[in-house]
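Novice: Before I ask anything, here is the structure I am working with.
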Amino acid sequence: MRRRTLLAGLTAGALSTVATPAHAHSRRVLHVRPGDSVQAAVDAVDGPGWTIVVHPGTYREVVSVPADKRELTLRGASRDPRAAVLVHDNANGTKKPDGTTYGTAGSATFASAAPGLTVRDLTLANDWLRADHPDITGTQAVAAYVTGDRSSFDNVRFLAHQDTLFADTTALDAFGRQYYRRCYIEGDVDFVFGRARAVFDACHFHTLQRDVTFTPKGMVFAPSTARANPYGFLAVRGRITSGAEDAAYKLARPWVPSYETTAWPSLVVRDTWIGPGIDAVAPYTNMRDAYPWQTMRFREHANSGPGAVISEPANRPQLTAEEAAAHTRRTYLGDWRPYECP
């Protein structure tokens, strides 16, 4: 079972509604230990600039950071992101107590709408499994749903299957910026998706083995960038590996939501090692034939590895050197420069 693998070696504690304050007035720090609740610590925050330190253990709960919890830092007490795990198991089609379902965004184990959020050295996971719920057709199960501007994730593991990381914005006309550095993100179908302006810097993307006979088995990226936003997803200096057979996965497909048909998905993958799990001959595909990927803002530059081989140039559009100069961390994130922090 995937859940047993994920939680192996970690001490699970019963959840409580108390977090332990440490020098709360001077240092504005809250410590959460097994038996405490991360959500209770978030609720206790009463202004900007707080830090919540999560000690090693497994915290099986849903955590939501509302927009008024500005400039919050949530970090593991250890620098090993495997030590502190925040996990739950809702899916799109999971029923709530009132009989309605959670929906994709509502399935998230961790959600944040807060500006200036920093998350470090943690694992955010959704261990819902299709095989355990054959009656549920809404199989999206999100590990993290992020909409706040200036949201930064450093050395964080995102674990799920379908729709692992929902990098989104609060509104169609809000170009929320997100920065992911040295993160590990795994999944199978569209597992990095949304309309945020997001930079993935030195991140590791891993496609999972999936027990299906068809290909593609899934896609890494599914951006839904707003047409007015000049920048969508930028993956730079990363690597893409796979637990599935060669060419079983596509690099991306465009997501044009039925509720937002003006979307113009944008993705640039550059200076990245792409393993053989990605179909090098045809790395992109359509989500809906009405919105062909060739009409979207999909580009690559200076990638390497067997999954980056350009055998059919029309199938993987490349940036020129001049164009590539406009697709950098600084261009995407503007005056917010979290990559300059140690």
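Since every read-out is calculated from the coordinates, none of them should be taken as a lab result. Just so you know, these numbers come straight off a predicted model, no measurement behind them. Ideal geometry is used to build each Cβ from the backbone, glycine not excepted, and the neighbour counts take in all protein chains shown.
Novice: R0 = 41 Å: FRET efficiency of Asn315 with Asp98, Cβ-based, nearest 0.05?
Specialist: Efficiency for this residue pair is about 0.30.
Novice: I've got another one for you. Kirkwood Rh and Cα-based Rg: tell me the resulting Rg over Rh for the chain, rounded to two decimals.
Specialist: Reported Rg/Rh, Kirkwood definition of Rh: 0.96.
Novice: Quick check on the range 27-179: what does the Kirkwood estimate of hydrodynamic radius come out to from the alpha carbon pairs, in Å?
Specialist: 15.6 Å
Novice: While we're looking at this one, here's another question. What distance in nm lies between label points placed 7 Å from Cα along the C-beta direction at Thr213 and Arg79?
Specialist: 5.0 nm
Novice: Go ahead and estimate [θ] at 222 nm for the chain from helices alone: -39,500 (n - 2.57) per DSSP H run with n ≥ 4, summed, over the residue count, rounded to 500.
Specialist: Value at 222 nm, helices only: -1500 deg cm²/dmol.
Novice: Expressed as cubic angstrom per residue, what is the convex hull volume of the alpha carbon set of the range 191-238?
Specialist: 81 Å³
Novice: Averaged over every viewing direction, what's the projected area of the C-alpha convex hull for the range 79-161? Give it in nm², one decimal, please.
Specialist: Dividing the Cα hull surface by four gives the mean projection, 5.9 nm².
Novice: Thr262 to Leu172: extension gain in nm, 0.36 nm per residue of separation minus the Cα-Cα distance?
Specialist: The Thr262-Leu172 span can extend by a further 31.4 nm.
Novice: What's the magnitude of the charge dipole for the range 291-342 around its Cα centre, counting Lys and Arg as +1 and Asp and Glu as -1 at the beta-carbon? Answer in Debye, nearest 20.
Specialist: 120 debye
Novice: Further question: Provide the FRET efficiency to the nearest 0.05 for the Ala290-Glu61 pair, computing r from the beta carbons and using R0 = 41 Å.
Specialist: So the FRET efficiency works out to roughly 0.55.
Novice: Here's something else I'd like to know. In terms of Cα to Cα distance under 24 Å, which lysines are near enough to Lys217, apart from those fewer than 8 places away along the same chain?
Specialist: Lys250
Novice: From the Cα gyration tensor of the range 121-258, with a ≥ b ≥ c the square roots of its eigenvalues, which class applies: rounded if a/c is under 1.5, or else prolate if a/b is larger than b/c, or else oblate?
Specialist: Values: a/c = 1.56, a/b = 1.40, b/c = 1.11.
It is prolate, given that a/c is not under 1.5 and a/b is the larger ratio.
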